[in-house]
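Worksheet: the structure to be examined is printed underneath.
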Amino acid sequence: MIEFQRRFADEETCRAYLFASRWPEGFCCPGCGAGEAGGEHRRHLWQCRCCGRQTSVTAATVMHKTRLPLTVWFWAAYLVATHGPGISALQLQRQLGISRYETAWTILHKLRRAMVAPEREPLRGEVEVDEGYLGGRDTDLRGGRQRDGKPLVGVAVEVRGSGSGRLRLQLLPDASAASLTSFVRSSVAAGAIVHTDGWAGYSGLRAAGFDHRPHTQHARLPDREWVLPRAHRALSNLKTWLQGTHHGVSPKHLQVYLDEFVFRHNRRRTPLAGFQTLLGLGTTHQPTTYRQITRGKPPNRPAEQSG
């Protein structure tokens with residue numbers, strides 16, 4: 001963190017980095033495509049000499065129209081990208097010395113919404129697919145797919161030898177064939193080998209163009225010998241992470257936290273690779289506004305340090 005702060009010690013250094021990241025081959029006007037710009041204005045805008053359009057280096061990034069120092073955004077993105085267990089809004093507020101909790105909360109949620117690349121590649125090769133409820137299974141319910149109000153999460157993870165490759169998580173309305181097939185189609189490349197359990201909701205995968213290989217979980221097998229070990233491990237780690245770092249999550253924002261877990265899992269060996277992704281550089285993301293995040297309801301400062 002100290003080395004990072006030395007590199008991005010002031011606003012000028014951060015703006016220079018943003019300029020070089022957005023236009024590595026030199027300035028290119030987003031309006032007319034011309035490559036000539038005048039000097040930087042006092043409002044830190046670059047004006048095209050051909051069409052006169054003014055462009056900010058923060059336009060179309062998570063820092064769009066921000067009034068906060070760029071150093072705060074850079075340091076926040078660094079902490080979120082490199083802090084393995086994740087970081088809550090209260091922790092971010094303390095680390096960066098931000099005066100208002102709501103500001104730290106908004107920064108964190110804007111960074112989280114930049115974690116999913118619209119153009120990301122689907123999972124390929126062999127993939128384990130399963131679904132599970134956050135909060136555990138209620139022993140009073142009949143059948144393993146009854147939820148008792150608990151959120152249902154679809155899990156898809158690539159098989160990489162004995163380990164796990166890329167991961168996808170998605171909230172599901174139910175465990176029906178329509179919901180599960182839609183989840184697999186949006187997460188896995190057509191023609192891939194898809195391993196599932198014997199649930200009837202997966203029966204449509206072969207017709208959907210996948211090499212579906214269902215497996216039956218025998219009751220005599222001990223827990224450590226699940227037929228879908230990678231998917232079960234991912235779901236177990238997700239539950240531990242949600243409770244350990246965030247001490248529970250509001251259902252309204254749960255998908256955003258699932259995206260963050262996927263982001264961390266897929267970059268667990270190269271945490272710095274996510275820094276530019278979080279700032280919104282080189283992506284087709286549209287900036288997220290505070291109103292879009294809260295939907296008209298401001299965040300409450302949580303006693304349990306939830307982000």
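General remarks:
- With 18 Å as the limit, the listed pairs 110/150; 110/239; 150/239 have 110/150; 110/239 beyond it between alpha carbons.
- Derived scalar couplings ³J(HN,Hα) [segment 15-31; Karplus, 6.51 cos²θ - 1.76 cosθ + 1.60; whole Hz; x for Gly, Pro]: 5, 5, 5, 5, 4, 5, 6, 6, 10, x, 9, x, 4, 9, 5, x, x
The numbers here are math on the coordinates, done by the rules we state, and not lab data. It should be emphasised that the depicted structure is a prediction, and the values quoted were computed from it without experimental measurement.
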